[in-house]
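The values are calculated or read from the model by the stated rules, or taken from the named source; none is laboratory data. The shown structure was predicted, so the numbers you read here are calculated from the model rather than taken from an experiment. FYI the Cβ positions are ideal-geometry reconstructions off the backbone, even for glycines, and counts take in every protein chain you see.
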């Protein structure tokens, strides 16, 4: 939990409350907002002066946790004879559940991400928030971006089919060029700060060129542009001790993102220190009173830049101290974790313990900037079983531009996890309600998620790093980058496989379950699952 602004409990003052958040594991959305039970447990513990716990059963948790996304899109496109998009008109029905939860605010994110990597000269979006007898909507990995992305990517494929133009070529004709960066989309505050979308498309589409010719395999391609960061500002505090140890305090709390490794690397690099000397402490309001949520693919971009700024300030202050003590220009000094010496004259030196004799050097910096925009291109190769309606991923390629990678291995892990989430959205995950509002899928017997065999195919990675503007360290988020375009790529591949088997069905909804595949293959199939052939 972060120290966000809000009213303290009755009888408390904000300064009397300290939050120390341990690593609570992945949230992926449902933990992104407080629940009434959390407040009640704390209130009961205060009143009873005893520890109080509350544990929900699996069914209770599933029936009460925030869910996403129940959305219906109606998209109209104006296109010229060459396939260039002249304008889009979209109508979004956004299901917010029985009452307005945090998911209610996601609708602009959904419609903003309908633009994707394409040059759209004219755009109009209408949004209706709809109350239903369902659990309130909330955040989930992708944060609504994957909904808008699915709509535009499916639209691009429909345009391609209508005009008889290859789907890759349609995308190629509508891409924003890298020489147009930074690119103002025309939407308030939505300015792409960099990207080479053509390079992503060419490299990913080229990787599956042979599979596109296979008679029984379906292939699909999708592009995405993802806003990373929320522009709320993030603080980092660094203390340099006389023995060369560095303690960095961050408000952002990890849930498997690798804060301890990632930001230790950032600070060590900026200071010129061995990484072993850097310790990361997170999530303590006594150290950093305010921080934003660890979500929205913001950690590398916002926390990373804050950490780098703080480390750079500490380095500059140390060099200034050394400059005064050694009576030398700071530009002529060499700083290490042991001390400072003059270039070419190691004998003119001073130990760090002497420099910091009067105490620890402490610095704090806040990074606040408009969002950065990561981009991706995915390609899926699938095979469908005409007897079972099942879908098998044969091959998957992820092209990504997440800016300058701090730790490439951790980025790859994020992309693998993001793909698994996107696969779940595409093929498995669905909250089903009866007409009276009763949740049917309240256990993992009914609510399906990808299992190990489903993610047996390891995505192939293609990295593109483009120029960025207004981003000091060049970092961009990667936590949701692989989730956002995956449903559209998989849907396109399934539709292509259906076409090769003679079906004209359009895949315009998720998840694409075996029953829906069978219905697409055999429109005369009965409600009991049989088929006429």
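Among the residues of region 200-216, are any assigned to a helix (DSSP H, G or I) and under 17 Å from residue 407 (Cα atoms)?
no
Which is closer than 29 Å to residue 64 by Cα, at pLDDT below 95 and in a helix (DSSP H, G or I), of 96, 105, 110?
The unique qualifying residue is 105.
Can you name the residue in region 467-499 that is touching a helix residue (DSSP H, G or I) at 6+ places or on another chain (Cβ under 6 Å) and surrounded by fewer than 21 Cβ atoms within 10 Å (Cβ to Cβ) and is also nearest to residue 68 (Cα to Cα) among such residues?
498
Kindly provide the set of residues from region 433-463 that are surrounded by 13 or more Cβ atoms within 10 Å (Cβ to Cβ), assigned to a loop (DSSP other than H, G, I, E, B) and touching a strand residue (DSSP E or B) at 6+ places or on another chain (Cβ under 8 Å), ordered by number.
Selection gives 457, 459.
Yes/no matrix, rows are residues, columns are (1) out of contact with any strand residue (DSSP E or B) (no Cβ under 7 Å at 6 or more places or on another chain); (2) more than 21 Å from residue 268 (Cα to Cα):
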| position | (1), (2) |
| --- | --- |
| 314 | no, no |
| 318 | no, no |
| 324 | yes, yes |
| 337 | yes, no |
| 346 | yes, yes |
| 352 | no, no |
| 357 | yes, yes |
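Going through 323, 224 one at a time, which residue ends up being modelled with pLDDT of 90 or more, farther than 30 Å from residue 496 by Cβ and either assigned to a helix (DSSP H, G or I) or not assigned by TED's automatic domain parsing to the domain that holds residue 350 (or both)?
After ruling out the rest, the residue left standing is 323.
Which residue, of 148, 137, 144, is under 17 Å from residue 481 (Cβ atoms), at pLDDT below 95 and in contact with a helix residue (DSSP H, G or I) (Cβ under 6 Å, 6 or more places away or on another chain)?
Result of the check over 148, 137, 144: 144.
Please enumerate the residues belonging to region 416-428 that are touching a helix residue (DSSP H, G or I) at 6+ places or on another chain (Cβ under 9 Å) and either crowded, with 17+ Cβ neighbours inside 10 Å or on the phi > 0 side of the Ramachandran plot (or both).
418, 419, 420, 421, 422, 423, 424, 425, 426, 427, 428
Within region 138-196, take every residue that is part of a loop (DSSP other than H, G, I, E, B) and in contact with a strand residue (DSSP E or B) (Cβ under 6 Å, 6 or more places away or on another chain) and give me the one that is surrounded by the most Cβ atoms within 10 Å (Cβ to Cβ).
Only one residue tops the list, namely 195.
Check 338, 314, 379 and return the single one that is touching a helix residue (DSSP H, G or I) at 6+ places or on another chain (Cβ under 7 Å), in contact (Cβ under 8 Å) with a residue 24 or more places away in the chain, crowded, with 20+ Cβ neighbours inside 10 Å and closer than 30 Å to residue 241 by Cα.
Sole residue among the options that is touching a helix residue (DSSP H, G or I) at 6+ places or on another chain (Cβ under 7 Å), in contact (Cβ under 8 Å) with a residue 24 or more places away in the chain, crowded, with 20+ Cβ neighbours inside 10 Å and closer than 30 Å to residue 241 by Cα: 314.
Can you go through 280, 230 and tell me which one is closer than 24 Å to residue 293 by Cβ, without any contact (Cβ under 8 Å) to a residue 40 or more places away in the chain and surrounded by fewer than 23 Cβ atoms within 10 Å (Cβ to Cβ)?
280
Restricted to region 383-403, and to residues that are farther than 30 Å from residue 466 by Cα and touching a residue at least 60 places away in the same chain (Cβ under 8 Å), which residue is surrounded by the most Cβ atoms within 10 Å (Cβ to Cβ)?
Ranking the qualifying residues of region 383-403, first place goes to 384.
Would it be correct to say that residue 73 is surrounded by 15 or more Cβ atoms within 10 Å (Cβ to Cβ), modelled with pLDDT of 90 or more and closer than 30 Å to residue 147 by Cβ?
Considered against the rule, which asks whether it is surrounded by 15 or more Cβ atoms within 10 Å (Cβ to Cβ), modelled with pLDDT of 90 or more and closer than 30 Å to residue 147 by Cβ, residue 73 comes out as yes.
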